[in-house]
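Q: The structure that follows is given in the form of structure tokens.
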Amino acid sequence: MRKLARKDIFTILAAFLWISMLGAVFIWMDTHHISLRELPRLVKGVVRGYGPLGSLILIILYLLRSFLFLPASVLTIVAGTVFGPFWGSILNIIGENLSAGVSFFLGRIFGRRFIREHETAWLKKYDELLTKDGFIPILLMRFFLFPFDIVNIGSGMTGISYKTFGIATFFGLLPAIITFTVLGNAVNNPRSFIIFGILIAIILATVWILQKVPAVRKRLGLHIPFHN
């Protein structure tokens with residue numbers, strides 16, 4: 001029987017704590033008769049209840065949801081409702097990118113070694129693809145709203161660098177973040193769709209610059225298969 005290395009012991013303990021946290025949260029929700037449908041109202045009440053510290057609470061909730069697999073869209077909409085389209089978008093950009101990073105490293109810690117040791121020829125092919133040219137696949141998965149945590153954890157299990165993952169995630173999440181933030185704010189302020197249009201235009205301009213200006217891509221250290 002193979003002796004457990006220190007890294008294996010750490011992974012097992014971390015997994016135990018993670019599962020315990022998940023169990024505790026769902027037991028608490030069941031005890032207090034809180035369903036997933038009631039989460040937006042509950043989160044909104046918590047964020048508003050802390051007044052000026054509400055923005056910090058929102059970011060903490062984003063970090064916690066990385067471990068609990070709760071829908072990120074709930075926090076995104078709540079931020080738009082409570083903080084408006086501009087500050088709501090800023091907080092959501094910070095929160096969702098931090099949350100994506102935490103989930104990425106969870107995948108790297110718990111899954112990368114398993115993938116290396118058990119990957120089939122098919123899996124190895126796509127592992128190598130993401131490792132070498134992962135920017136566009138991650139960007140497109142974000143644009144087309146692939147499941148948030150599956151993309152995060154799945155990317156961490158591949159050999160893609162965090163830098164490539166992080167930059168693709170940042171730009172790829174912007175349209176969805178702005179859309180859900182504006183939808184949340186539109187409940188109180190329909191004019192927020194004007195801000196939505198402006199921000200989308202900025203995003204499209206940024207993607208165009210990445211495509212047309214090789215010096216920018218080189219500066220960021222990105223290997224993006226754009227054809228100029």
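Q: Below 8 Å, C-alpha to C-alpha, sequence gap of six or more: please give me the relative contact order for segment 101-159 in percent.
A: On the way: 49 pairs, mean separation 41.2, N = 59.
The normalised contact order for segment 101-159 reaches 70 percent.
Q: Once fully extended, how much extra length lies between ARG41 and ILE60, figured as 0.36 nm per residue of separation less the alpha-carbon to alpha-carbon distance?
A: Working: separation 19, 0.36 × 19 = 6.84 nm, distance 1.73 nm.
Extra length available between ARG41 and ILE60 comes to 5.1 nm.
Q: A further question on this structure: Estimate the FRET efficiency between ILE27 and ILE94 by the formula 1/(1 + (r/R0)^6), using the beta-carbon distance for r and 30 Å for R0, to the nearest 0.05.
A: 0.50
Q: Fewest first, what order do ILE57, ILE138, ILE153 take by the number of other Cβ atoms within 10 Å?
A: ILE57, ILE153, ILE138
Q: For labels at PHE110 and PHE86 in the simple 7 Å Cα→Cβ model, what's the distance in nm?
A: Going by the 7 Å Cα→Cβ label model, 4.0 nm.
Q: Ranked highest first by the average count of other Cβ atoms within 10 Å around their residues, in what order do 157-166, 108-117, 39-48 fall?
A: Listed from highest to lowest mean packing, they are 157-166, 39-48, 108-117.
Q: With the Cα gyration tensor of segment 81-140 in hand, convert its eigenvalues to equivalent ellipsoid semi-axes via √(5λ) and list them largest first in whole Å.
A: For segment 81-140, the semi-axes come out at 33, 14, 7 Å.
Q: What is the calculated FRET efficiency for HIS118 to ILE202, with r their C-beta to C-beta distance and R₀ = 30 Å, to the nearest 0.05?
A: Calculated value: 0.10.
Where a number appears in this text, it was derived from the coordinates with a stated rule and is not lab data. The structure displayed is predicted, hence computed values, not measured ones. No Cβ is skipped: glycine too gets one built from the backbone with ideal geometry, and neighbour counts run over all protein chains shown.
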